[in-house]
1. Rolling a 1.4 Å sphere over the protein heavy atoms, what is the accessible area per residue of the chain, to the nearest Å²?
2. Which of the three applies to the range 125-169, rounded, prolate or oblate, going by the alpha-carbon gyration tensor with a ≥ b ≥ c and a/c under 1.5 meaning rounded?
3. Working from the pairwise distances between different alpha carbons, so that the mean of 1/r is found and then inverted, what is the range 1-41's Kirkwood radius in Å?
4. Could you work out how far apart the two model spin labels at Gln43 and Ser80 are, taking each label as a point 7 Å from the Cα in the direction of the beta carbon, and quote it in nm?
5. With labels modelled as points extended 7 Å from the Cα through the Cβ direction, what inter-label distance (nm, one decimal) is found for Ala102 paired with Lys156?
6. With every protein chain present, what accessible area does Val297 have (1.4 Å probe, heavy atoms only), rounded to the nearest 10 Å²?
7. From largest accessible area down, sort Arg51, Arg177; use a 1.4 Å probe on the protein chains.
8. In whole percent, how big is the carbon plus sulfur part of the accessible area of the range 86-126, probe 1.4 Å, protein atoms only?
Amino acid sequence: MRGYKIFAGSASVEFAKEICQVLDVPLGKADIKKFSDGEISVQIAESVRGRDVFIVQSTGAPSNDNLMELLIMTDALKRSSAQSITAVVPYYGYARQDRKAAPRVPITAKLVANLYETAGIDRVVTMDLHAGQIQGFFDIPVDNLYGSITFEHYIKSKNLKNPIIASPDIGGVARARYFAKRMGLEMVIVDKRREKANESEVMGIIGDVKGYDVIMIDDMVDTAGTMVKAATALKNKGATSVMACATHGVLSGKAYENLENGELDELIITNTLDTKENSKIKVLTVAPLFAEVIRRVYHNESVNGLFE
């Protein structure tokens, strides 16, 4: 076999180190710097000729810097004669701009996909894209992993008396249904109308939650406004407790304040982004899952088999 190497962008160093620890391989050496005007400079500090290379880099805040760093690292590796380049992007930035929701707006998720391919990326491994059809924006293979399987063991350990799964909006029904099926639980839907970005108004609950321990499933939590309002609506309808599981903890703006003051009992997220725990936030690691996917990709084994 040709052998593979794993490199980390500055946004995901600790995540990449955990992956390397699981796979028992050293983290590749790369010198990443910034000029005084903000330009990013990358130098790969070891040979990658003929190797299959994996770059681990989430493209969360600061999104533009992290995205450009990923593209520049790709170019450096391509010019260093790497055999193949796989972008391991736990959190795919700009995924929410995946359609024309209003006149004269861009489809930025597609633009970013074009940038990946133009830079020379041969494959993308990511987790819980905001919309699964974003995979179709690429003309290269994309592995969209399900973060929800990471929550199963934690939820089971809680020994909830009367659990039920909830989708926090109509758009997340497929994700919540998948999880409910895996857990063997019933599902309800929180129906809301979004007036503008980062703001939402909860309209009602489709289904009965009285006396239930509700578990909301979503791909990300940003300002936490939707989650908190949904929790309030669920408890107003008689829910005993409300927890939320969201793969990506963006947690921008007044997120921590909203969570602290809201009715949500607990938020469980993963470490696709660098987020700290507190009294209401629990962070679960998905690095071992990504490590296994990297191993399977390198050995040409099935990735889907992990989720069946």
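1. About 48 Å² of surface per residue is accessible.
2. It comes out oblate by the Cα gyration axes.
3. On the way: mean 1/r = 0.0860 Å⁻¹.
The answer is 11.6 Å.
4. Taking the simple label geometry, Gln43 and Ser80 are separated by 1.2 nm.
5. Between Ala102 and Lys156, the label points sit 4.5 nm apart.
6. Val297 exposes around 20 Å² with every protein chain in place.
7. The residues order as Arg177, Arg51, largest area first.
8. Ligands and nucleic acids excluded, carbon and sulfur give 55 percent.
The values are calculated or read from the model by the stated rules, or taken from the named source; none is laboratory data. Remember, predicted model here, so these are calculated numbers, not experimental data. Note that we place each Cβ from the backbone using ideal geometry, even for glycine, and neighbour counts take in every protein chain shown. Just the protein is used for accessible areas: all its heavy atoms, side chains included, with ligands, DNA and RNA removed. Shrake-Rupley method; radii C 1.70, N 1.55, O 1.52, S 1.80 Å.
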